[in-house]
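Since the structure comes first, as structure tokens, the remarks are kept for the end.
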Amino acid sequence: MLSVLLTFEEDLNIFLGVYFGIPIGLVLLYCLFRFRVVEQGTSMVVERYGKFHRRCDAGWHWLVPFADQPRRVTWRLSETYLQGNWQAVKIQQYKTDRIDLRENIMDFPNQPVITRDNVEIQVHPMLVYKLIDPVRVAYETYDLSHAVEKLVQTALRSIIGDMGLDDTLASREEIERGLRLKVQRVCHNWGLEIMSVELLEITPTETVQDAMHKQLAAERVRRASIVEADGNREQMKTVSEGECQSQIALANGHKAATVLRAKGTADSRVLIARAEAEAVRVIAEQLHAYGVNATAYLIGLKYIETFTTIACHANSRKLYLPFETDVVGATALIAERDD
């Protein structure tokens, strides 16, 4: 009887040990797995009974069993790449209880936008962001990345819709600055800080590109014509100025030559006059001894020279001597005086 009681007691102990030990072990194991390690640069939002309880930053944390649960957020990753001549977008959506606080990028697919002058273009925006408030990220929106994408899309269409095609292509920095100002305030309320907004590509349609190429070619032809016309004008101006300067130089040369010739002629006449005056003086001194007037003598010489010239250069020679002329008598008079 005693042995039977001992056997029953041992079986009861084994039964109780198994019945209570396994659940207790499972509970202890569950409590052990309630320890969570949050990595540096990430954060976790903890709820207690479905309500926000605390924010867990980098470090070691323990969650109260059956009371605390990490808040899971919906996140979407989009990857844009070219596949031939088409742009392919790969989107991956998942849920996670870890919120990455590091800087990251959102690469959006090409957005069709119509400008003020009714031209359709494709704009490829990219967003550099940083999550600064995990609590707002977890509770303000359901899908933060999708909400930011739609916000950027509407803001981009609003900005470019007020601009023409030429202004859009030339004002990329202005568009980026305006886009950042439009979405920054709303994104800050969602716990997201916009670091920068970039436009990777602004691509018009093929028809618009062909028109732009033709316009560019026509503009280059126009500029070439303007440059050629300016060159011809400068050439004609330079040639005219050269001819003008050459004419001025020739006129100055003729002027200087004329002045020099006139001065030479004047000097020669002065010298001839001085020589003739000296000759007349000498002749007058020599003729004074004979009582002959030097003036009458010189007139007679000029008279004879004139007759000689007439006789040498005329085809028919007829000489008429005035009766008052007594050249031979004057010559005879001089001869008598010599005797």
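The values are calculated or read from the model by the stated rules, or taken from the named source; none is laboratory data. It should be emphasised that the depicted structure is a prediction, and the values quoted were computed from it without experimental measurement. Here Cβ is always computed from backbone atoms with ideal geometry, including for glycine, and neighbour counts include all displayed protein chains. Each accessible area value is taken on the protein alone, full model and side chains, heavy atoms only, with ligands, DNA and RNA left out. Shrake-Rupley method; radii C 1.70, N 1.55, O 1.52, S 1.80 Å.
A few notes on this one:
- Failed criterion for residue 197 (all others in (1) out of contact with any Leu (no Cβ under 6 Å at 6 or more places or on another chain); (2) at pLDDT below 90 hold): (1)
- Candidates are the residues of the stretch 183-238 that are of a type in the set (Ser, Thr, Tyr) and within 23 Å of the chain's Cα centre (by Cα); the one that is nearest to residue 156 (Cα to Cα) is 203.
- The single residue among 109, 65, 125 that is surrounded by 15 or more Cβ atoms within 10 Å (Cβ to Cβ) and part of a loop (DSSP other than H, G, I, E, B) turns out to be 109.
- Subset of the stretch 192-248 [in a helix (DSSP H, G or I) and touching a residue at least 60 places away in the same chain (Cβ under 8 Å)]: 208
- Checking residue 143 against (1) open to solvent by less than 30 Å² (accessible area, probe 1.4 Å); (2) modelled with pLDDT under 90; (3) under 28 Å from residue 215 (Cβ atoms), the condition it does not meet: (3)
- Number of positions in the stretch 76-106 that are at pLDDT 85 or above, open to solvent by 80 Å² or more (accessible area, probe 1.4 Å) and assigned to a strand (DSSP E or B): 2
- Extreme residue, most open to solvent (accessible area, probe 1.4 Å), among residues of the stretch 128-138 that are in contact with a strand residue (DSSP E or B) (Cβ under 7 Å, 6 or more places away or on another chain) and either closer than 12 Å to residue 73 by Cβ or part of a helix (DSSP H, G or I) (or both): 135
- Tally, over the stretch 146-176, of residues that are touching a strand residue (DSSP E or B) at 6+ places or on another chain (Cβ under 8 Å) and part of a helix (DSSP H, G or I): 14
- Checking the stretch 129-137 against the condition returns a match, with at least one residue being under 18 Å from residue 195 (Cα atoms), of a type in the set (Phe, Trp, Tyr) and out of contact with any Pro (no Cβ under 6 Å at 6 or more places or on another chain).
- Of the residues contained in the stretch 268-281, none is found to be surrounded by fewer than 10 Cβ atoms within 10 Å (Cβ to Cβ) and at pLDDT 70 or above.
- Residue in the stretch 28-47 that is at pLDDT 85 or above and among the small types (Gly, Ala, Ser) present: yes
- Per-region count, the stretch 35-53, residues within 19 Å of residue 139 (Cβ to Cβ), among the basic types (Lys, Arg) and surrounded by 13 or more Cβ atoms within 10 Å (Cβ to Cβ): 1
- Exactly one residue out of 149, 120 is over 29 Å from the mean Cα position of the chain (by Cα), acidic (Asp, Glu) and either loosely packed, with under 15 Cβ neighbours inside 10 Å or under 16 Å from residue 186 (Cβ atoms) (or both), and it is 149.
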